[in-house]
Amino acid sequence: MEAARLSEPPDWLERIVLVAIPPAAREGVAGDLWETYCSPRQYAAEALRTVPFVIASQVRRNLNLPAILLQAALIFIFLGGTATLILLPALLLRGAYQEVARPCPQRAIREAILMSSGVMALLLLIMAIWFPLAGRPGLDHFTWLNLFLLGLLLSPLLCLFRAGLILQGDRCTPACPHAFQKGELQKEELARGYRDFQHALLVRNLLEASALTAAAIAGVFFAWNGLLVGLFLLAALYLFVDAVPRAFPATEDFVSLRARYQQDLTRQKQLRRFLCWLWFSPVLMALHTRLMAEHVLQAERPITAMLDCVAAVILCFLAAALTSEYGGRIQENIGLLDRVREKISPA
């Protein structure tokens, strides 16, 4: 028993390495490192050589270029070029370290509480620097305390929103039919489920493309940014083209058909992430325009600027929560498909 314990890495070192490995590759990479373990120094050195390449591989695998560019543009508009250069690697790493399943409910609620209280405290600090209390009518210490308490009250609201997403995700119809959970099914059942998925996707794409086109037309009348209107039109055109039925080869074997199904699920996860941020972009742009208006920034209305900043942060949290929940459900279905095996009909 003592020899067996000496042939394993220390628990503290193994935990550090497990945290550093992206979740999608954690089991395989950690197993390989564990099998080649000789000493703590060798284990740490092997992890330092291996983990960066694994992270780079996961960044490339999960790269969603349209969504990243849109998020980077929003960061540039709100915070400038320096913040964009700092936060862009964080966005790439966030994609690499995304979970392989839906977010844990307890973790989602904790994130909502920490975000609402921590970010509000940070905003209060920033606004206190931008708008010093001295010489500002109506900005006494009691007003700032009320604003801080208002930030703490955001926690229950955001927790309710996250709980609603979790409950809705539990009730919604999965992208994979319930029959797929049996572990074995015939090729005809897999093909039937894939066709149902494609049909539901066609209807959804047509509806969302129509909504994007209507939003772009409305944006012209409301004087939206021209690039934003163009993005809405391009997204609508892509969805209309994507709604065209694709050929479904009848001679495709079970494994190839399953791989195509998983690829389509992955593509939808990437597409929905971009579209979610695109739908939030007009409101974020409007908040930025309001923040930059002279009558807000110059003297009399710092409270309005504060509330606009809070609204922008909350919208970003909502967009991230929606993409995380939807992406987690899709990832679960991809894993479910990966475990499905072909059931051979008896002769």
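Counting every other Cβ atom within 10 Å of each residue's Cβ, 281, 39, 210 order from fewest to most as 39, 210, 281.
Length gained on full extension, residue 292 to residue 91, computed as 0.36 nm times the residue gap minus the Cα-Cα distance: 69.8 nm. Counting Lys +1, Arg +1, Asp -1, Glu -1, what net charge surrounds residue 43 among other residues with beta carbon under 14 Å of its beta carbon? Net local charge, residue 43 excluded: -3. Under the criterion of Cα pairs below 8 Å and six or more residues apart, the relative contact order for region 31-110 equals 30 percent. Given R₀ = 30 Å, FRET efficiency for residue 15-residue 264 by Cβ-Cβ distance, to 0.05? Rounded to the nearest 0.05, the efficiency is 0.25.
Taken one residue at a time, the phi angles of region 264-276 give Karplus couplings (6.51, -1.76, 1.60, θ = phi - 60°) of 5, 5, 4, 5, 5, 4, 5, 5, 5, 5, 5, 5, 4 Hz. Gly and Pro are set to x.
Bear in mind these aren't lab numbers, they're just calculated from the coordinates by the rules spelled out. It should be emphasised that the depicted structure is a prediction, and the values quoted were computed from it without experimental measurement. Here the Cβ is made from the backbone with ideal geometry for all residues, glycine too, and neighbour counts use every protein chain on show.
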